[in-house]
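Remarks on the structure that follows.
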Amino acid sequence: MRVFRLAIVGCGGVSGLHAAAYTRHPERVQVVATIDPVRERADELASQFPGYRASGSLGEAVEHSSWDIGVVCSPTPVRSKVVEELARSGKHVFVEKPFADNLIDAMHMVEVCELAGVQLAVHQNFRYHYPFDLARSLIGSGRVGPVSTVVHRDLMFRQDQGWRTSTKRHSLAVMGVHWLDGFRWMLKDEPVSVWCVTHSSPLIDTAGDTDAAVQATFRCGTAVSYVQSFSCPVPDLGTTVIGEAGSLRLSHKELREWSVPGGPDPAATSHPNPWGSDKPEATFLAIEELLKAVETNCTPSNSGRDNLGTVAFLEAAYRSAEDGGPVAVAPELVR
């Protein structure tokens, strides 16, 4: 198999996850450059992994190193410019989530990469780290029948640091983007309308939302109810999928499946999630989609164009919170 040479662009907190994921798979990837305008951060990451070349700018790395893919971990406010420069340099692009702060920026990055003839994929690792991919297979097989309802909650007490605390979009942009993308992936469908309420708790130091309640209707008729909190001292995470022939219960650790009829307390079948406690491996699975797409000249399942649906979902939720009522989800993107 081909070994791809990577450059990590942006050496903040999440870059360590990518580095840990890629060093496990020397048969597929080799990180050869770390890039950050704060050169000390690039040096620090490079020092942990022999063979890396640290650079203070993307232009310097392009000029002095040979590599195939830019792994973009830069903050979202500067991400579009980074992707533009990578595309102009003929580099394929793997972008951290959230893909963009807004749909306009996301569409621009997709168009830039398509015009340059390079592949663009998004790091939606929760498709694997959380058992959305397994649920997608079970739902697709018809084992739970048509899905009427999805109920999801993600409650925690979380204080972020750095640039994220200064952005107006917080809890949904940080964690909600995982769940909104996961609903799309699991259901193989797109939302058509969203209603959302957000709140900013004084318990958390941030300029944006800390809590949100989201109600969405999908094209197939499935209703999704989702609650997010960064200010709750009682942690709780789980997803229930209710179908006409069975139900699913998702957690990081496993997916539990019930068949109907099963009585008031039916026995469940447990499907362990092999990546539930292994986020680095889930990250590798996400970039492997891009590697295979480059090798076969096809579109990765987590392409930038696919992720427009996730960004549109997120943007519709925030627009609903601002407007105080339900809104349509970018109908031109609903496939």
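The values are calculated or read from the model by the stated rules, or taken from the named source; none is laboratory data. For clarity, every value in this text was computed on a predicted model and none was experimentally measured. Cβ atoms come from the backbone with ideal geometry, glycine included; neighbour counts cover every protein chain shown. Please note that ligands, DNA and RNA were not included when accessible areas were found on the heavy atoms of the full protein model with its side chains. Shrake-Rupley method; radii C 1.70, N 1.55, O 1.52, S 1.80 Å.
Take TYR128, TYR22 and sort them by solvent-accessible surface of the protein heavy atoms, 1.4 Å probe, largest at the top. Before the final figure, lay out the partial values.
Numbers: TYR128 25, TYR22 5 Å².
My answer, sorted largest first, is TYR128, TYR22.
Quantify, in whole percent, the carbon and sulfur part of the accessible surface of the chain (1.4 Å probe; protein heavy atoms only). Please report the intermediate quantities before stating the final value.
Numbers: 7570 of 14040 Å².
Carbon plus sulfur share of accessible area: 54 percent.
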Helix 103-116 versus the longest principal axis of the chain: what is the Cα-based angle in degrees, 0 to 90, to the nearest 10?
-> 50
Please work out how much accessible surface GLU244 shows to a 1.4 Å probe, ignoring ligands, DNA and RNA, in Å² rounded to 10.
-> 140
Whole-Hz Karplus couplings 3J(HN,Hα) for the range 46-57, θ = phi - 60° and coefficients 6.51, -1.76, 1.60, Gly and Pro as x, run 5, 5, 7, 9, x, x, 6, 10, 8, 9, x, 8
Towards the positive end of the charge dipole of the chain, with charges on Cβ (+1 Lys, Arg; -1 Asp, Glu), say which of ALA20, TRP163, HIS64 has the farthest Cα.
-> ALA20
Quick tally, 1.4 Å probe accessible area for SER141, SER225, sorted with the most first, runs SER141, SER225
Compute, for LYS292, the solvent-accessible surface of its heavy atoms (probe 1.4 Å) with the complete set of protein chains present, and express it in square angstrom to the nearest 10.
-> 90
Expressed in nanometres to one decimal, the distance between label points 7 Å along Cα→Cβ at VAL14 and SER270 is 3.2
Pop the C-beta distance of ARG5 and SER225 into the FRET formula with R0 = 56 Å and round what comes out to the nearest 0.05.
-> 0.80
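Any idea of the accessible area per residue across the chain, 1.4 Å probe, to the nearest Å²? Provide the component values of the computation, followed by the final result.
On the way: 14040 Å² over 335 residues.
Per-residue accessible area for the chain comes out at 42 Å².
Rounded to the nearest 5, what % of DSSP beta bridges with both residues in the range 1-122 are antiparallel? Walk me through the numbers before you get to the answer.
Details: 0 of 20 bridges.
For the range 1-122, the DSSP antiparallel bridge percentage is about 0.
Using helices alone, what [θ] at 222 nm do you get for the chain, with -39,500 (n - 2.57) per DSSP H run of 4 or more residues, divided over all residues and rounded to the nearest 500?
Numbers: 10 runs with 114 residues, N = 335.
After summing the helix terms and dividing by residue count, I get -10500 deg cm²/dmol.
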Label 7 Å along Cα→Cβ of HIS25; the range 41-71 residues with amide nitrogen under 13 Å?
-> none
Would you work out the charge dipole size for the chain about its Cα centre, treating the Cβ of every Lys and Arg as +1 and the Cβ of every Asp and Glu as -1, and quote it to the nearest 20 debye?
-> 420
Figure the gain on full extension for GLU44 and SER277 (residue separation times 0.36 nm, minus the Cα-Cα span) and round it to one decimal in nm.
-> 81.3 nm
Accessible-area value, SER57, 1.4 Å probe, nucleic acids and ligands omitted, Å² = 50
Determine the order of CYS232, CYS196, CYS298 by accessible area, beginning with the largest, at a probe radius of 1.4 Å.
-> CYS298, CYS232, CYS196
Label-point separation (nm) for GLU254 and ARG143, each offset 7 Å from Cα along Cα-to-Cβ?
-> 1.4
For GLU111, placing the label point 7 angstrom along Cα-to-beta-carbon and taking the range 47-82, residues whose amide nitrogen sits under 15 Å are 80-81
Label-to-label distance, nm, for residues given as SER57 and GLU295 (7 Å Cα→Cβ offset) | 3.6
